[in-house]
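Undergrad: Encoded as structure tokens, here's the structure I'll be asking about.
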Amino acid sequence: MLKLDRIVLREIRMPLVNFFETSFGRTYDRRIVLVEVRDHDGAVGWGEVTAGENPFYNEETTDTAWHIIKQFVAPRVLHQPLDSAGEIRDRTKHIRGHNMACGAVETASWELEARRAGQPLWKYLGGVHTEIACGVSIGIKDTVPDLLAAVEKEVAAGYQRIKVKIKPGWDIEVIAAIRERFPQIKLMADANSAYTLADIDHLKQFDRYYLMMIEQPLPYYDIIDHAKLQAKLDTPVCLDECIKNAHICEQAIAIGAGRIVNLKLGRVGGFAEARRVHDICQAHKIPVWCGGMLESGVGRAHNIAMSTLANFVLPGDVSASKRYWKQDVIVPPVEVSARGTITVSDQPGLGFDLDHKFIDSITVRREELS
Ligand code: OSB
Ligand code: MG
């Protein structure tokens, strides 16, 4: 039984240590909504809205998430007897889109339940891996030498796989330059929907560089063109933006739209749906890995927990706090070993302590919903 009697929304501001650029733009500062849920016994759980500041990755933003949670999610989950956090996705299903807003309340509620059960969240979710493999996502840089230096630094730090962002004009030559310098590394490219099927001959050139995969080359609303592209490419296609739920995932697999799935907790609306996507992929022998959305420590801790599920078999975009933040909102920050792994914590819930004083100091807006 789960009965929530309060949701606290906080917007925090966190400057990134380095700007992060994708095919849809550059980010310097994050505006993140943290969600704290409390049940009628006073147990607490924390979640993070993984939406960006602008509606460029998907339709959501920091501000739309605040609005959706306050006006539509909170009234559907507060003071209602729920079997468990696993029911929240269904309770908010009638909200079209806005999975990240719904997911923040859902993941916070799972964290609350895990704490109440005295279990680490990863165990509570059914996770099996106790050490997870980490890669990094490197944004578009001003110059190729800047990018090569960034790759060099992350390889030296021990990260197991390097992902670079690409877009038209920053693609084949860039990958060729990385391959020339680093012939052995596990390398992949993420286009964030910057191409269309008309670019098929251009994209074919990636096959020369034995990439692990190319991520979301085509539009965010498409799976059919991805299937046409995959049929022509040797490089495996990995789907990110278009996998919004288990149903679409099943259809994408059925038509051969890709061979790998980047699973993002917020994009699918929380842990319950993420586990369904995970299970479908596992049943079809499609490997999954955990994507990132430049999360603060709260979202990062949730990503670590999710990555312990059995079919997370490829290195994820879950990396050390210090790559993003001078100071993180959790203690200790997320740290990555010299062999590019994160060892899970045995502490109940998130597995990290929240730095409440620091969170208060960077909070620009706070609202209690009850
Ligand atoms: O497509 O995976 C993506 C960041 C913001 C929006 C979309 C994406 C990303 C990343 C960053 O690749 C992953 C991370 O380091 O958090
Ligand atoms: Mg992506």
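The values are calculated or read from the model by the stated rules, or taken from the named source; none is laboratory data. None of the values given here were measured: they were computed from a predicted structure. No Cβ is skipped: glycine too gets one built from the backbone with ideal geometry, and neighbour counts run over all protein chains shown. Just the protein is used for accessible areas: all its heavy atoms, side chains included, with ligands, DNA and RNA removed. Shrake-Rupley method; radii C 1.70, N 1.55, O 1.52, S 1.80 Å.
Undergrad: Using a 10 Å cut-off on Cβ atoms, rank the peptides 96-106, 46-56, 334-344, 64-74 from the highest mean neighbour count down.
TA: 96-106, 46-56, 64-74, 334-344
Undergrad: Turning to a different aspect of this structure: May I ask you to evaluate 6.51 cos²θ - 1.76 cosθ + 1.60, the Karplus curve with θ = phi - 60°, for each residue of the stretch 281-297 and list the ³J(HN,Hα) values in order in whole Hz, giving x for glycine and proline?
TA: Coupling constants for the stretch 281-297: 4, 4, 4, 9, 6, 9, x, 10, 9, 8, x, x, 9, 6, 6, 6, x Hz.
Undergrad: Once neighbouring chains are kept in place and the probe is 1.4 Å, which whole percent of the accessible area of the chain is contributed by carbon and sulfur?
TA: Answer for the chain is 51 percent, counting heavy atoms of protein chains only.
Undergrad: How much accessible area per residue does the stretch 124-343 have, in Å², with a 1.4 Å probe?
TA: It amounts to 37 Å² per residue over the stretch 124-343.
Undergrad: What's the center-to-center distance, using Cα atoms, between the stretch 3-64 and the stretch 317-340 in Å?
TA: 18
Undergrad: Taking every DSSP beta bridge with both residues inside the chain, roughly what % is antiparallel (nearest 5)?
TA: 60
Undergrad: List every residue whose amide H lies under 5 Å from the amide H of residue 330, counting only residues 5 or more places away in sequence or on a different chain, with H placed 1.01 Å from N in the peptide plane.
TA: 297, 355
Undergrad: Also, quick follow-up: In whole percent, what relative contact order does the chain give with Cα contacts below 8 Å and a gap of six or more residues?
TA: Averaging sequence separation for qualifying contacts and normalising by length gives 23 percent for the chain.
Undergrad: Residue 356 versus residue 130, label points 7 Å from Cα toward the beta carbon: distance in nm?
TA: So the label points at residue 356 and residue 130 sit 3.1 nm apart.
Undergrad: Mean shadow of the stretch 51-110, computed from the convex hull of its alpha carbons, in nm²?
TA: About 3.8 nm², averaged over all directions.
Undergrad: Applying a 10 Å radius around every beta-carbon, put 192-198, 6-12 in order of their mean neighbour count, most first.
TA: With the highest mean Cβ count within 10 Å placed first, the list reads 6-12, 192-198.
Undergrad: For the stretch 197-206, just list the computed ³J(HN,Hα) in residue order, Karplus coefficients 6.51, -1.76 and 1.60, θ = phi - 60°, integers in Hz, with x standing in for Gly and Pro.
TA: Along the stretch 197-206, the couplings run 4, 5, 8, 4, 5, 4, 5, 3, 4, 5 Hz.
Undergrad: Given the -39500 (n - 2.57) contribution per DSSP H run of 4+ residues, what per-residue ellipticity at 222 nm results for the chain, rounded to the nearest 500 deg cm²/dmol?
TA: After summing the helix terms and dividing by residue count, I get -8500 deg cm²/dmol.
Undergrad: Right, something else. What do you get for Rg/Rh of the stretch 18-146 when both radii come from the Cα atoms and Rh is the Kirkwood radius?
TA: Ratio value, two decimals: 1.04.
Undergrad: So what J values fall out for the stretch 161-171 if you push phi through Karplus, 6.51 cos²θ - 1.76 cosθ + 1.60 with θ = phi - 60°, rounded to Hz, Gly and Pro as x?
TA: 7, 10, 10, 10, 7, 10, 7, x, x, 9, 9
Undergrad: Which links in 70/123; 204/228; 141/165; 163/186 stretch past 20 Å when you go from one Cα to the other?
TA: In this structure, 70/123 exceed 20 Å between Cα atoms.
Undergrad: Sticking with this structure for a sec: Please report, in Å, the Rg and the Dmax of the chain, where both are computed over Cα atoms only.
TA: 19.6, 60
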